[in-house]
1. Checking residue 103 against (1) under 27 Å from residue 157 (Cα atoms); (2) under 11 Å from the mean Cα position of the chain (by Cα): exactly one of these is not met. Which one?
2. Would you confirm, using the coordinates I've provided, whether residue 17 is surrounded by fewer than 19 Cβ atoms within 10 Å (Cβ to Cβ) and not in a strand (DSSP E or B)?
3. Taking segment 71-89 as the search range and keeping residues that are within 14 Å of the chain's Cα centre (by Cα) and of a type in the set (A, V, I, L, M, F, W, C), which one is farthest from residue 114 (Cα to Cα)?
4. Which ones in segment 109-129 are within 16 Å of residue 179 (Cβ to Cβ) and touching a Ser or Thr at 6+ places or on another chain (Cβ under 7 Å)?
5. Is it true that some residue in segment 40-55 is part of a helix (DSSP H, G or I), modelled with pLDDT under 95 and more than 21 Å from residue 172 (Cβ to Cβ)?
6. If you check 113, 107, which single one turns out to be crowded, with 17+ Cβ neighbours inside 10 Å and either closer than 21 Å to residue 160 by Cβ or touching a Cys at 6+ places or on another chain (Cβ under 6 Å) (or both)?
7. Which of the following residues is charged (D, E, K, R), crowded, with 16+ Cβ neighbours inside 10 Å and in contact with a Phe, Trp or Tyr (Cβ under 6 Å, 6 or more places away or on another chain): 101, 92, 174?
8. For residue 63, work out the one condition from (1) closer than 21 Å to residue 119 by Cα; (2) surrounded by fewer than 16 Cβ atoms within 10 Å (Cβ to Cβ) it doesn't fulfil.
Amino acid sequence: MKLNRRFQKRPAPFAIVPLPLVWSHCGTPCRVTPWPEVRFERLYGNEWIPFEPGEEALASAACDCDAEAWHAYLEFVPSEIRDFLSSFRLSRMEALQAVARCPGLLPELAETPALTLFVAAHASLRGVAACRWSEIAAVHEHGGLFGLLEWLGLPASRQTLDLLRNLATPDVPRRLLEPLRSHLWKQRDLRMRQRVPDAGEAQLYRWCATAAA
């Protein structure tokens, strides 16, 4: 039996030109311009001005930017970056910000996607007022991946990387980043956690609760 043409599923539309991702935060329109510029801007009067999105603005973006909007945006992103960003669901905007500001990190972040959220949240984790993307790039260039781990306040070890790679999803909730970082310094527990494959959010909560005890 053929479906009425009116009710047949239509293919997702393809963008003809690069499009920005647009969302609203506290009533203010915000957007990120197409790759490779990737400028974060908000509307002030009739003018789009640059801004550094904070945690709340990024959370608004996660709610407003749906799969169709991301599909149109990612059509004009290089394939290796598109594949990397597609591994994120709730934190895709943070991942975009990280690889756009520090493109040299892509190989390491693609291998350990959960590290991306630590990089994206570096300002709050380090207790500084503003993001320091150029400093991250310099640390990585001179100290490599282990230098970056140390700069982020994580144990600079392969055990750290192994545990992060065992997480079921790279979308580590921002509220768990600091407790998880503290947990990673407990070496005896760390060796045991390494053997837990595909650790999900519930497991992360249990680890972080144990670390705080």
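1. Condition (2) is where residue 103 drops out.
2. Numbers: surrounded by fewer than 19 Cβ atoms within 10 Å (Cβ to Cβ): yes; not in a strand (DSSP E or B): yes.
For residue 17, the condition - surrounded by fewer than 19 Cβ atoms within 10 Å (Cβ to Cβ) and not in a strand (DSSP E or B) - is met.
3. 81
4. 117
5. Among the residues of segment 40-55, not one is part of a helix (DSSP H, G or I), modelled with pLDDT under 95 and more than 21 Å from residue 172 (Cβ to Cβ), which makes the answer no.
6. Checking each option against the conditions leaves just 113.
7. Result: 101 is the single residue among 101, 92, 174 that is charged (D, E, K, R), crowded, with 16+ Cβ neighbours inside 10 Å and in contact with a Phe, Trp or Tyr (Cβ under 6 Å, 6 or more places away or on another chain).
8. (1)
The values are calculated or read from the model by the stated rules, or taken from the named source; none is laboratory data. What you see is a predicted model; the values in this text were computed from it and never measured. All Cβ positions, even for glycine, are placed from backbone atoms using ideal geometry, and neighbour counts span all protein chains on display.
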